[in-house]
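Some notes on the structure that comes next.
Derivation of every value follows stated rules applied to the coordinates shown; laboratory data play no part. Keep in mind that what you see is a predicted model, and the values were worked out from it rather than measured. With ideal geometry, Cβ positions are generated from the backbone for all residues, glycine too; neighbour counts draw on all protein chains shown.
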Amino acid sequence: MNILLITPGINKRFNDNYHAYKHMADNDNNVLAISNKENINKGGRLQIDPEVEVDGSLVVHRVFNSMREQQSFLRRSPYKKKVRKLLSEFCPDVILCEEISNLKFALEIKREFRVPIVLRTEFAFDADYPYRSMGRLLKLLKTPLTGDHLAIFVGGLIWKWAYANSDAVISCYFEDAEKQPEVNNTPFFYVPWPTYYPSTADEVTRLRERAVFIGAFDHHKNLSELLSTIPELLRNTPLKEFCVVGTGQDLGVIEKLKTSYPDSIRHVQSLSREECLRLIRGSFFSYSPATRGGWGFIGDSWAMGTPVVATHNHYGFCDNIDSVVTSTEDMVRRVNALYEDEAEYGRLRDGGRKRFLGNHSADAVGSRFLEICTAAVRSLS
């Protein structure tokens, strides 16, 4: 197939999705990615990428200067001729569209080339959590007078519109699979976030006294929990060092911890992907206080054979099989069990690794994308 990818950002050095798309291209398909030159890495730093990159059968054209240009009809217009030339030469069979914000762009292409659209989004819209999907837009509609009602109404309308204009929908969030029926005969799929790591991360000594958290300091990462759990872990378990990588809204939480425990809290705002993976592999366990998201960190931990300790089941964890899912009150006991029982530690390490290989590796996710894209093409033939 000739698969057209419309994505808000793509970079093989820090975008895990890149490697799922590369797997698609490496299996006798051509993938043309249309994107923009701006890219935000895990540390929140803006990176300007080259306009054209060729990686075998995966070709990236960063036609637009910014995501805003890419997603706005008026700002996109000056590039229309250039995009049409690329697509006419490529002749797409299917469009894989990343996020609803790119769907209007995908529809312009669909009308001209008469090909199906597979929409992929991190979260499906859920009226119980209206700001989880399209949060930046819908939060603008929240007022003291209307509360969440207007956001829920508009979010539902946008989601129905997205369904009506897609031939298949993919979400990265496991709970969406149970909540999203077929709408307008549009099939819905759950496909996990992919994880990719280079073999250079393998040769690292694991430090028993160290744990790690990596991610953006957004509110849903629930970092305030660390103010109560980390002191308890430092006092009552063999843990001596807690490493944190990231920055964001709740940076103040980490600053408080650093002030109280200057010899135990290690914080850096950004590391390269290879450095992050080596840090995870060199830690005794990964700690996720998040209530949602954080999938890259979880997948990286499983890939590195580092057990995950979580206080919320935000990724379909299987307690005592691929992770430790615990309350904050019982965390000290559960973490001490990891230190005291080598068999349990090994079981969790192997269980996480097995789940990564079967469901979350870039190859596994890329294969699912291919299956869904193939079915979408066949449905229109």
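Database remark: amide H of Phe123 closer than 5 angstrom to the amide H of Cys172 (H placed geometrically; neighbours at sequence offset of 5 or more, or on other chains; Pro and chain starts carry no H).
Rounded to the nearest 10 degrees, the angle from helix 331-340 to the longest Cα principal axis of the chain is 80 degrees. As a proxy for reagent exposure, ranking Cys91, Cys172 by other Cβ atoms within 10 Å from fewest up yields Cys91, Cys172.
For Glu89 and His267, calculate 0.36 nm times their separation in residues minus their Cα-Cα distance, and state this gained length in nm to one decimal. It would help to have the intermediate numbers written out before the result.
On the way: separation 178, 0.36 × 178 = 64.08 nm, distance 4.83 nm.
59.3 nm is the gain from fully extending Glu89 to His267.
DSSP assigns beta bridges within the chain; of those with both partners inside it, close to 15 percent run antiparallel. Round to the nearest 10 and give me the degree value, 0 to 90, for the angle of helix 342-355's Cα axis relative to the longest principal axis of the chain. Relative to the chain, helix 342-355 is tipped by roughly 0 degrees. Cross-link partners of Lys258 among lysines, defined as those whose alpha carbon lies under 22 angstrom from its own and excluding same-chain residues fewer than eight positions apart: Lys42, Lys221, Lys240. Applied to segment 295-311, the Karplus parametrisation 6.51 cos²θ - 1.76 cosθ + 1.60 on θ = phi - 60° returns per-residue 3J(HN,Hα) values of 5, x, 5, 5, x, 4, 5, 4, 5, 7, x, 9, x, 9, 10, 10, 9 Hz, with x for Gly and Pro.
Please find the FRET efficiency linking Ile321 to Glu112, where r is the Cβ-Cβ separation and R0 is fixed at 41 Å, and quote it to the nearest 0.05. Before the final figure, lay out each step's value.
Values: r = 48 Å, r/R0 = 1.18.
The formula returns an efficiency of 0.25 here.
With the Cα gyration tensor of segment 127-266 giving a ≥ b ≥ c as the square roots of its eigenvalues, does the rule (a/c under 1.5 for rounded; else a/b larger than b/c for prolate; else oblate) give rounded, prolate or oblate? Let's see the in-between values first.
On the way: a/c = 3.29, a/b = 1.71, b/c = 1.92.
Oblate, because a/c is 1.5 or more while a/b does not exceed b/c.
When the Cα positions of Ile298, Phe14, Ile214 are compared along the charge dipole of the chain, Phe14 comes out farthest toward the positive end, with charges on each C-beta of Lys, Arg, Asp and Glu. Between amide H atoms placed 1.01 Å from N, distances below 5 Å from Ser72 occur with no residue 5 or more places distant or on a separate chain. What residues have an amide H closer than 5 Å to that of Val63, excluding those fewer than 5 places away on the same chain, when H is modeled at 1.01 Å from N in the peptide plane? HN-HN under 5 Å from Val63: Ser35.
Three principal axis extents describe the C-alpha atoms of the chain; from largest down they are 64, 54, 36 Å. At full extension, Glu178 and Ser224 could sit 13.6 nm farther apart than now, given 0.36 nm per residue minus the alpha carbon distance. Each Lys and Arg contributes +1 and each Asp and Glu -1, all at the Cβ; summed about the Cα centre of the chain, the dipole is approximately 1240 debye.
Note: relative contact order over segment 199-360, using C-alpha pairs below 8 Å and six or more positions apart, is 24 percent. Judged by the ratio a/c of the largest to the smallest principal axis of the C-alpha gyration tensor, segment 199-360 counts as rounded, that ratio being less than 1.5.
Scalar couplings 3J(HN,Hα) for segment 358-372, obtained by applying the Karplus form with A = 6.51, B = -1.76, C = 1.60 to θ = phi - 60°, are x, 10, 10, 5, 4, 5, 5, 5, x, 5, 5, 4, 4, 4, 5 Hz; x denotes Gly and Pro.
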